[in-house]
Amino acid sequence: MKATAQAPSNIAFIKYWGKRDEKLRIPANSSISMNLSNTYTTTTVDFDTSYKVDTFFLEGKRVTGEEALRVFKHLDRLRNLAKMNLRAKVTSSNTFPKASGIASSASGFAALTLAASRAAGLTLNTKDLSILARIGSGSACRSIPDGFVEWKTASDSNKSYAVSLHPPDYWAICDLVAIVGTKTKKVSSSEGHALAESSPFYKTRLQSMPKKIREIKTALKKRDFTKFGEVLEAEAVSMHTVMMTSNPPLFYWLPATLKVMQEVWSLRDRGVECYFTIDAGPNIHVICEFKNAKGIQTALSKVKGVKSVLLNKPAPGARLI
Ligand code: DP6
């Protein structure tokens, strides 16, 4: 019983930071994202009677410890649903090097959920796949549906899942990821979420979320790039304000992260529209219209401390291959 799936990573324009239910990974607020065309994970899950234990291989190397346990726990969820008890071999690879500093939990848990569910003999719809992927890693639920995506918060686990707002070809915008740091972060996003509440600004942030979601969805509908960019950049700064003021504080930026921000502002001053967003790490995502992508990519590559710049277009969600 074997299946292979591929799933993209995604970049959130309105971020998920803080949980309503930690175990079930129900977010404190809804979020909006876009799937990325060049950063995806391919995962094969093979359930077989010959396996005595679950094993997990990433880029050909056996993974043990916490990282592997999180994968095996996810397999348990699928086994329970399928009412079977076979052990599995999970083989996974990313199109981006692990050392690139790009988080792989979104693409990883989306691909794992789809491959494992099919290998276990289940045929789940997008909603159910998204809910299951969410329990593995919150942001993974947004990598299940296509293109531009909304993940709604809800009081009930069965109501918090991601849906596609627009297909990938809806809008020719892209995400240029400037890689400035490649070290594994000291505080994972899973741990970081739990600290959000300790920031005095967290409540204010949560109150501002419904309006931000409305604004970004309207900008998306109108393909109003200026409004879209203004909202997403301010939103990233808002999330990082909460991170930096939590207890203990979380500072994910490096000097080169700020240098890229300055380059983005300077490009805008010169009439080249682009806006930045940053997740729980130092790498910085620059969002621009596709017609400006090459020029901006060249400009970002020249910023001191930038190791490489990856270009991503909007992409479909998880697929069986
Ligand atoms: C900053 O999905 O990695 O990237 O649910 O604990 O696995 P867990 O967290 P994760 O958090 C992502 C946080 C973020 C913002 C976002 O992608 O919305």
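The values are calculated or read from the model by the stated rules, or taken from the named source; none is laboratory data. No experiment lies behind these values; they were computed from the predicted model shown. As a convention, Cβ positions derive from the backbone with ideal geometry for all residues, glycine included, and neighbour counts pool all protein chains shown. Surface accessibility is based on the protein's heavy atoms, side chains included, excluding ligands, DNA and RNA. Shrake-Rupley method; radii C 1.70, N 1.55, O 1.52, S 1.80 Å.
Numbers at a glance
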| read-out | value |
| --- | --- |
| Residue ID - nearest to residue 274 (Cα to Cα), chosen from residues in the range 189-200 that are surrounded by 15 or more Cβ atoms within 10 Å (Cβ to Cβ) and of a type outside the set (Asp, Glu) | 189 |
| Test: residue in the range 1-12 that is closer than 30 Å to residue 211 by Cα, of a type outside the set (A, V, I, L, M) and open to solvent by 30 Å² or more (accessible area, probe 1.4 Å) | no |
| Cβ pairs under 7 Å, 6+ apart, first in the range 226-243 and polar (S, T, N, Q), second open to solvent by less than 30 Å² (accessible area, probe 1.4 Å) | 238/205 |
| Qualifying residue in the range 72-84 (condition: under 23 Å from residue 216 (Cα atoms), within 16 Å of the ligand (Cβ to nearest atom) and either of a type in the set (Lys, Arg) or open to solvent by 30 Å² or more (accessible area, probe 1.4 Å) (or both)) | no |
| Verdict on residue 263 being within 16 Å of the ligand (Cβ to nearest atom) and not in a loop (DSSP other than H, G, I, E, B) | no |
| Positions within the range 96-132 being within 15 Å of the chain's Cα centre (by Cα) and either at positive phi or not in a helix (DSSP H, G or I) (or both), in sequence order | 96, 101, 102, 103, 104 |
| Given (1) in contact with a helix residue (DSSP H, G or I) (Cβ under 7 Å, 6 or more places away or on another chain); (2) open to solvent by 20 Å² or more (accessible area, probe 1.4 Å); (3) over 27 Å from residue 130 (Cβ atoms), index of the condition residue 276 fails | (2) |
| Residue match in the range 40-57 (condition: under 22 Å from the mean Cα position of the chain (by Cα), assigned to a strand (DSSP E or B) and within 16 Å of the ligand (Cβ to nearest atom)) | yes |
